[in-house]
Amino acid sequence: MLTDALIITRREVRDSLRDWRIVAPILILTLIFPWIMNLSTRLAIAFVEEYNATIIPLRLIPFAVMIVGFFPISFSLIIALETFVGEKERNSLEPLLDTPISDASLYLGKLLAAMIPPLFASYLGVAAYLIGLYLTIQYVPEWIILLQIILLTTMEAIVMVSGAVVVSSHTTSVRAANLLASFIIIPMSFLLQAESILLFWGQYDVLWYILAALFVADVLLIRTGIRTFNREEILAREIDELNLGYMLRTFRQFFIGARFSLVRIYRDDVPRLLRENRLALATVLAALSLALIGGWFFASRYPLPAELIGSIKINPEMLRQQTAFQGNSLLPRLDVGTIFFYNLRSLLGFAALGLFSFGSLACLPMVTTMGLVGFLFGEARLFGAEGIVFLIAALVPHGIVELPAAILATAFALRAGASIIAPPPGVTAGENLLRALADFVKIILFVVLPLLFIAALIEVNVTPQILMWMYGR
Amino acid sequence: MANAIRYSLFAIRNLLGLYSHCSARTSIVHYGTRSRVPPLIETSELTKQFDTLTAVDHLTFNVAEGEILALLGPNGAGKTTTVRMLSSILKPTGGSARIAGRDVVRDARTVRHLIGHLTEFPGLYLRMRPLEYLDFFGELQKMPRATRRARAEELLRQFDLWDARNRRLGEFSKGMRQKMALIRAMLHAPRVLFLDEPTSAMDPHSAKQVRDAIATLRGSGHTIFLCTHNLYEAESLADHIAVIRRGKLIAFGTPAQLKRDLLGPPIWELRLARPLSAPWPYLDGHLRVASSDDWSLQYHTETPESTNPLLLRRLQEIGAAVLTLHETPRSLEDVYLKLVQ
């Protein structure tokens, strides 16, 4: 596979290097920009040293290395975005698709071709910048920070290129691909800002977590690209048409089938969906368990101060304040409708975010909640058995219904978000997504909504009564 | 010499399907209505549906080895979709198709090796030079380096592009680009060539070169599937003509068969050197007069081999001076227009 891929890569790289529109900016960013950055760095250092702010240069230089490395890889996006769709517009794609090369080789070849020149330019730029710094101010970076920055640059290039190649192989014009590129540029700019803050803050350890997340994103995007690459779709689709009629028909087919039957949904569909989605359910359960344990350990690491523990007393007045709370903050008011819609809104909102993050963000509210629950139990330990009993009384009555509902919603949202990564053979990414969305809506309407409503009823009418019965006298 | 031997070996291996992933063995099937040579292209109820549009509708035909089939049809009739299915780029939504016995869906990679495809647009990489361009496609077809170099040179010379080998493809004229695309399709000596408008944008000399090359390829056992709007080209090259409209096959046969079936028996025209003084001898039952005057006669006959000599004898007997007797030429265009209008 790699041999064939490299044939494509060699040609494309050679072609890129003959295009002055690509070569000129890369050369400027590789040779001239590091020199300008070098000059700027020295001026900045001279300025801040007048005020004995020696820590600033130490934090500034790694940031500058990251910027020098990132600018050339931004070109990878331009090259990658037009890999397939640009060739299609120039009519040179069909002869390539006519050859015996496999889809995976073709995809991989194009991926490497879009990545190699900018990444090489990026390494060269970083080297030029650091050599300049060494020659002028004898600065030698810490090797671990340099390694982190190089790895981050590489991972970011792979994320951008693999994302852009996915976009390029699923659009019909370079213009459409450029418009869709904002889905790559915006998250990447947020990431760069976060990395900049971490570098200035000196929190280098956190960069490892970002690297791990980027690695996962790389794997997912490459896998998505290879699984969803389809010669036929590239050539057959002439316009980027949003075929709502087709989408609605397909969704309806998955959602209702031949005829709507409530009995069939509860008797056949729901058990089948639970069986089919057991992997997603297991993943969510595992993530929640980890969050619970993590919260518990976090509480052990950061216990509440002893004087605070002494000041908190569970008494009728405190409970009355809580139950009479009218929701003038982020927390909902304590009535059935508000709690029901609050929970539903959180789950649906994050499910929507899950669609843009391969499902991962769909898990965020539940992971956060369970982390918080773990933390609360961890802290409650400090109050002795009374604290634990109080939390059980405050959470379990409605939680026993609310938690399964939330787990189900999260698992199905996770699956919907992940559905485009690897559609089954013969099914397009769009069809697989529509199917996963139909399953999600089915579970939400017929299982999660009733459960959330029952949970809200218990939370408003039963949980406070239990607490008042236990502590309100 | 060594290169020539290498190329010959490559071509033989290719023709026999001896490549590791294309060891096709064609089963011998006799088709009484067409040819006794095994079919190299077989389609059965081949169908392609795009949402609500049926681009190709239950197409069934065979093309025997060494034959040229011309596929005709108006724009949007489904010609390109058919070729793309046969080239294993588009998957049929119904029916099946085989190239040299290999299924176009299951054995897609093998099929792509067995075929060469001149696409509707040349689609060249304009920053490359001819030799490196052909080298790239030859490498993708797993041709040994020396073989692809020799083959590229041979084809560039054949199509008068050798002298332009150091120019970038972007500097080529339309016709030169079309020839380059054709060379790319022929480079690996494929058993089947799909040619979509091979002479479009070419000057008459280049177009003739291409037609000659097609005829030569047929002579060397290649099977050619020709999509064209050039009816002269189709008539002069094709063994069989297939006409499709709205994805359906509406006619299939040799040019002569199609003319006979659609335009009726041929019209014969007889001209005299001087006006006839007596009535025309109509040979009751043997010929049907289409038109006549004192100088000429147009007629149909089912048996020209006996009727024409008899008519000439009768005219001689009454002293008529016959100048010419010939079959009125009827073009494929007449057939095509009758079919599609």
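How big is the shadow of the Cα convex hull of the stretch A:116-275, averaged over all directions, in nm²? Display every interim value, and only then the final one.
Numbers: hull surface 59.0 nm².
Projected over every direction and averaged, the Cα hull of the stretch A:116-275 covers 14.7 nm².
At R0 = 56 Å, how high is the FRET efficiency between B:S306 and B:D51 if r is their beta carbon distance? Nearest 0.05 is fine.
Numbers: r = 58 Å, r/R0 = 1.04.
Computed FRET efficiency for B:S306 and B:D51: 0.45.
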Exercise for the section: Return the distance in nm (one decimal) between the two label points of a simple spin-label model at A:A385 and A:E142, each offset 7 Å from Cα along Cα→Cβ. Expected result: 4.9
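Of all the Cα-Cα pairs you can form in chain B, what percent are over 38 Å apart?
Counting pairs separated by more than 38 Å, the tail of P(r) holds 30 percent.
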Fill in the blank from the handout: Hydrodynamic calc, chain A: Kirkwood Rh from Cα pairs, then Stokes-Einstein at 4 °C with viscosity 1.567 mPa s, so D in µm² s⁻¹ is 50
Fill in the blank from the handout: re the stretch B:266-330: pairs of Cα atoms spaced beyond 17 Å account for a percent value of 31
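Work out, step by step, the length gained on full extension between A:M470 and A:N91: first 0.36 nm times the residue separation, then minus their alpha carbon distance; give nm to one decimal.
Details: separation 379, 0.36 × 379 = 136.44 nm, distance 7.63 nm.
Here the segment from A:M470 to A:N91 would lengthen by 128.8 nm.
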Practice task
Would you pull out the residues with amide H under 5 Å of B:V56's amide H, same chain only if 5 or more places away, H placed 1.01 Å from N?
Solution key: B:K48
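So what's the stretch A:6-58 giving for Cα Rg divided by 2.2 N^0.38 Å, two decimals?
On the way: Rg = 18.8 Å, N = 53, 2.2 N^0.38 = 9.9 Å.
For the stretch A:6-58, the normalised Cα radius of gyration comes out at 1.89.
Arrange B:M85, B:M202 by Cβ neighbour counts within 10 Å, fewest through most, would you? Show your work: numbers first, answer last.
Numbers: B:M85 27, B:M202 22.
The most exposed by this proxy come first: B:M202, B:M85.
If you average 1/r across every pair of different Cα atoms in the protein assembly as shown and take the reciprocal, what Kirkwood value do you get, in Å? Kindly include the intermediate steps, with their values, before the conclusion.
Values: mean 1/r = 0.0303 Å⁻¹.
For the protein assembly as shown, the Kirkwood estimate is 33.0 Å.
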Problem - the protein assembly as shown: antiparallel DSSP beta bridges as a percent of all, rounded to 5 - result: 65
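For the stretch A:2-236, report the convex hull volume of the alpha-carbon atoms normalised per residue, in Å³, without decimals.
On the way: hull volume 28.6 nm³, N = 235.
Normalising the Cα hull of the stretch A:2-236 by residue number yields 122 Å³.
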Exercise for the section: Within a 10 angstrom radius of each residue's Cβ in B:184-195, how many Cβ atoms of other chains show up on average? Whole number is fine. Expected result: 1
Completion exercise
Of the stretch B:163-189, those with amide N under 11 Å from the point 7 Å along the Cα→Cβ vector of B:R129 are B:164-169
Completion exercise
GNM of chain B, Cα pairs under 10 angstrom: of B:L270, B:L72, B:L118, the biggest fluctuation goes to B:L270
Exercise for the section: Between the alpha-carbon centers of the stretch A:336-368 and the stretch A:89-125, tell me the distance in whole angstrom. Expected result: 38
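Using the count of nearby Cβ atoms within 10 Å as a rough guide to exposure, how do A:S76, A:S189 rank from fewest to most? Let's see the in-between values first.
On the way: A:S76 25, A:S189 11.
Fewest-to-most Cβ neighbours within 10 Å comes out as A:S189, A:S76.
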Exercise for the section: Could you list B:R184, A:R275, B:R260 in order of exposure, starting from the residue whose Cβ has the fewest other Cβ atoms within 10 Å? Expected result: A:R275, B:R260, B:R184
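Using packing as a proxy for protection, rank B:233-242, B:168-177 so that the peptide with the highest average count of other Cβ atoms within 10 Å comes first. All intermediate terms of the calculation are to be shown ahead of the outcome.
Working: B:233-242: 21.1, B:168-177: 16.2.
Ranked from most to least packed, the peptides come out as B:233-242, B:168-177.
Rounded to the nearest 5, what % of the DSSP beta bridges within chain B are antiparallel ones? Could you put the intermediate results ahead of the total?
Working: 34 of 51 bridges.
Rounded to the nearest five, the antiparallel share is 65 percent.
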Fill in the blank from the handout: Taking the reciprocal of mean 1/r across every pair of different Cα atoms in the stretch A:357-473, the Kirkwood radius in Å is 16.3
Completion exercise
Rounded to 0.05, the calculated FRET efficiency for the beta carbons of A:T3 and B:T93 at R₀ = 30 Å is 0.35
Exercise for the section: Provide the gained length on full extension for the span A:R264 to A:Q203, in nm with one decimal, where the gain is 0.36 nm per separating residue minus the Cα-Cα distance. Expected result: 16.5 nm
Fill in the blank from the handout: If the label point sits 7 Å along Cα→Cβ of A:I185, residues of the stretch A:30-71 with amide N under 16 Å come out as A:71
Exercise for the section: Note down the Stokes-Einstein diffusion coefficient of the stretch A:250-471 in µm²/s, whole number, using a Kirkwood radius over alpha carbon pairs, 4 °C, and 1.567 mPa s. Expected result: 68
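In µm²/s, what is D for the stretch A:212-296 at 10 °C and 1.306 mPa s, where D = kT/(6 pi eta Rh) by Stokes-Einstein and Rh is the Kirkwood radius from Cα pairs? Numbers along the way, then the final one.
On the way: Rh = 17.4 Å.
D, rounded to a whole number, is 91 µm²/s.
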Problem - Reachable lysines from B:K142, criterion Cα separation under 26 angstrom, eight or more residues apart if same chain - result: A:K88, A:K110, B:K91, B:K179
Practice task
Note the full-extension length gain between A:L192 and A:E50 as 0.36 nm times their separation in residues minus their Cα-Cα distance, in nm to one decimal.
Solution key: 48.2 nm
Handout entry: Distance between modelled label sites at A:T338 and A:T428, nm, 7 Å Cα→Cβ extension
Key = 4.6
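Bear in mind these aren't lab numbers, they're just calculated from the coordinates by the rules spelled out. Predicted model, so just to flag it, every value in this text is computed and none were measured. For neighbour counting, all protein chains shown are included, and Cβ atoms are generated from backbone atoms with ideal geometry for every residue, glycine included.
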